[in-house]
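This report refers to the structure that appears directly beneath it.
Throughout, read-outs are computed from the coordinates displayed, never taken from laboratory work. The structure displayed is predicted, hence computed values, not measured ones. A quick note on method: Cβ atoms are made from the backbone with ideal geometry, for glycine too, and the neighbour counts reach across all protein chains shown.
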Amino acid sequence: MFSFFKKKTPSVEPTVVAPAATSELAPDTAVPTAATAAAPVAERKSWLDKLRSGLRKTGSGIAQVFTGTQIDDALYEDLESALLMADAGVKATEYLLVDLKRRVKEGRVTEPSAVKSLLADAITDLLLPLQQPLTVGEHTPTVIMVVGVNGAGKTTSIGKLTRHLAESGQKVLLAAADTFRAAAKEQLAVWAGRNGVEIVSQDGGDPSSVTFDAVTAGKARGCDVVIADTAGRLPTQLHLMEELRKVKRVIGKAQSGAPHEVLLVVDGNTGQNALAQVKSFDDTLQLTGLIVTKLDGTAKGGVLAAIALWALERGRGAGEGGATGPVPVYFIGVGEKLEDLETFDAREFATALLG
């Protein structure tokens with residue numbers, strides 16, 4: 001269920017319609033049924049089952065902590081070790097333990113099993129600032145620049161996102177600005193073909209030139225969204241990171257105020273390295289959102305807690321260095337299929353994380 005897009009439309013005065021003299025419905029009026037209403041719920045449940053399965057390795061280690069008979073220092077020490085093993089990181093682990101002990105004390109909890117529920121609440125509250133919807137339609141076109149290291153699933157995520165956008169009625173144009181990797185343009189072209197959208201590419205073209213042409217074409221063709229696939233690179237490759245800055249500047253020249261979104265795709269299996277990537281790319285580009293992929297089968301799902309704490313601290317420093325608040329996680333992925341990319345929900349993730 002991918003109904004998260006909030007397409008902004010000009011506000012208009014409401015039209016007042018007189019009530020009909022009869023309660024009969026017009027022949028072509030669609031009446032919601034229990035079956036149609038239940039479909040999105042069933043889809044989300046199926047997704048949650050996949051998420052639980054994907055995070056089972058992470059959750060099993062944490063869940064074992066609550067099998068004892070009493071709440072004592074040993075329980076908190078075991079929980080600390082489990083969170084660190086799940087790659088929550090030292091700072092996020094300390095933050096959660098302090099919050100959890102406060103909740104246990106205030107709730108006068110005596111059973112370890114009840115502590116698990118309180119931990120889910122603590123993780124949910126920490127992750128909530130990351131739960132925000134991607135907005136399209138506020139600008140025409142909405143320009144999305146996608147970055148990330150090689151192997152994180154960047155181009156595949158673009159393909160999945162494009163499909164969902166197209167199915168929601170958005171006219172999408174792709175920019176094959178990853179001229180660094182030999183097969184990147186061909187891979188993106190395959191996704192464009194599958195999704196029935198147009199693509200702008202050049203043989204051996206400069207990434208900045210490709211993105212400029214794509215944004216210009218998107219404006220001329222009345223596109224709703226332009227997505228630029230950029231070359232994957234490590235944040236330690238400073239000359240290549242500087243090239244990303246150039247791409248972002250050139251997009252701004254093609255359309256004032258663009259790019260409207262700068263999304264980083266990170267591999268959830270990389271644990272604390274994912275946090276390091278978020279920090280480095282944010283320093284360079286001032287990220288507006290994240291896509292966390294490959295959470296299926298990972299034992300390092302706790303890294304989202306570390307990212308959330310960093311995002312919270314970044315939000316407190318809003319206005320410094322171009323930061324404007326927490327960086328949301330727009331989507332998370334648990335597999336290769338189209339339906340394996342979904343919108344991020346803090347409560348769902350916390351529940352799945354704890355098994």
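Between residue 194 and residue 45, the FRET efficiency estimated from the beta carbon spacing at R0 = 30 angstrom works out to 0.65. For region 45-103 and region 256-296, what is the centre-to-centre distance using only Cα atoms, to the nearest Å? What the calculation gives is 24 Å, centre to centre. With 28 Å as the limit, the listed pairs 50/246; 154/248; 248/300; 57/248; 91/116; 246/300 have 50/246; 248/300; 57/248; 246/300 beyond it between alpha carbons. By the beta-carbon count within 10 Å of each Cβ, the least crowded to most crowded order of 93, 69, 142, fewest first, is 69, 93, 142.
Label-to-label distance, residue 202 versus residue 106, with points set 7 angstrom from Cα along the beta-carbon direction: 5.7 nm. Extension gain, residue 313 to residue 69, is 84.2 nm, computed as 0.36 nm per intervening residue step minus the present C-alpha separation.
Put +1 on the Cβ of each Lys and Arg and -1 on the Cβ of each Asp and Glu in region 215-355; which of 302, 286, 335 then has its Cα farthest toward the positive end of the dipole? After comparing all options, I get 286. Counting 0.36 nm for each residue step from residue 91 to residue 117 and taking away their Cα separation leaves a gain of 7.2 nm.
In this calculation the C-beta distance from residue 272 to residue 238 is compared with R0 = 22 Å, giving a FRET efficiency of 0.55. For region 152-300, the dipole from Cβ point charges (+1 on Lys and Arg, -1 on Asp and Glu) about the Cα centre works out to 120 debye, to the nearest 20. For the pair residue 171 and residue 125, a Förster radius of 35 Å applied to the C-beta separation gives a FRET efficiency near 0.35, rounded to the nearest 0.05.
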